[in-house]
Amino acid sequence: MSVIKLTDRIKVMERKPMSFAERLYLPAILKGMSITIKHLFRKKATIQYPEQKRPMSEVFRGLHVLKRDEKGAERCTACGLCALACPAEAITMTAAERKPEEKNLYREEKYAAVYEINMLRCIFCGLCEEACPKAAIFLQNDKMAPASYEREDFIYGKDRLVEPFLLNNKS
């Protein structure tokens, strides 16, 4: 604190000497300022996402994909083991029986007429992949779920899960 004296309408401030505790605080301020100045010259931790991408871990589990066999038929037989194995209860399916004209679309007599994964509930544990006896569902290690503002965009149906059918030209 300083003492103010009024002499001839001039304010004169006298400085009181700093206490021992105040003198100890000054080096702490200087140390804090040095840390702040060091951080100004460090490399930034953020990246410019759409242009730059960080490398993914080898064990990263991304988006789900329903696989096809060599002939292009869906592998899923709607057994429901993936839905039972899912701890977050993110997978729902409705089984149906294959019609004779759908012989090339599905491998077995039963198939998943409706197969949905709620990506908001999914914890990407990979238990659905391990539980599938037909190796029909896999978690890709190179794709992430895109961002969206609508909840409906995170419910993935067969239209987004089944891998596209590609003809193998061996010529």
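The values are calculated or read from the model by the stated rules, or taken from the named source; none is laboratory data. Computed from a predicted model, the values in this text were never measured in an experiment. Ideal geometry is used to build each Cβ from the backbone, glycine not excepted, and the neighbour counts take in all protein chains shown.
Got a sec? Which of Arg61, Arg42, Arg98 is farther than 26 Å from Met119 by Cβ, at pLDDT 90 or above and of a type outside the set (Val, Ile, Thr)?
Arg42
Does region 141-151 include one or more residues that are surrounded by 14 or more Cβ atoms within 10 Å (Cβ to Cβ) and either at pLDDT 95 or above or in contact with a strand residue (DSSP E or B) (Cβ under 6 Å, 6 or more places away or on another chain) (or both)?
Checked region 141-151: no residue is surrounded by 14 or more Cβ atoms within 10 Å (Cβ to Cβ) and either at pLDDT 95 or above or in contact with a strand residue (DSSP E or B) (Cβ under 6 Å, 6 or more places away or on another chain) (or both).
If we scan region 96-119, do we find a residue that is surrounded by fewer than 10 Cβ atoms within 10 Å (Cβ to Cβ), closer than 29 Å to Arg151 by Cβ, within 33 Å of the chain's Cα centre (by Cα) and not acidic (Asp, Glu)?
no
Could you count how many residues in region 113-134 are small (Gly, Ala, Ser) and either touching a Leu at 6+ places or on another chain (Cβ under 8 Å) or closer than 14 Å to Leu63 by Cβ (or both)?
Qualifying residue count for the region: 2.
Out of the residues in region 54-95 that are surrounded by fewer than 18 Cβ atoms within 10 Å (Cβ to Cβ) and of a type in the set (Ser, Thr, Tyr), state the one that is farthest from Phe165 (Cα to Cα).
Ser57
With the requirement that a residue be free of Cβ contacts under 8 Å to residues at least 60 places away in the same chain, among the hydrophobic types (A, V, I, L, M, F, W, C) and not in a strand (DSSP E or B), what does region 133-166 give you?
Ala147, Phe154, Leu166
Identify, from the list Glu58, Glu89, Glu51, the residue that is within 26 Å of the chain's Cα centre (by Cα), on the phi > 0 side of the Ramachandran plot and among the charged types (D, E, K, R).
After ruling out the rest, the residue left standing is Glu89.
Pairs needed: first member in region 120-132, on the phi > 0 side of the Ramachandran plot; second member anywhere, of a type in the set (A, V, I, L, M); C-beta distance under 6 Å; at least 6 residues apart or different chains.
Here the result reads Gly126/Leu139, each pair linking region 120-132 to a residue that is of a type in the set (A, V, I, L, M).
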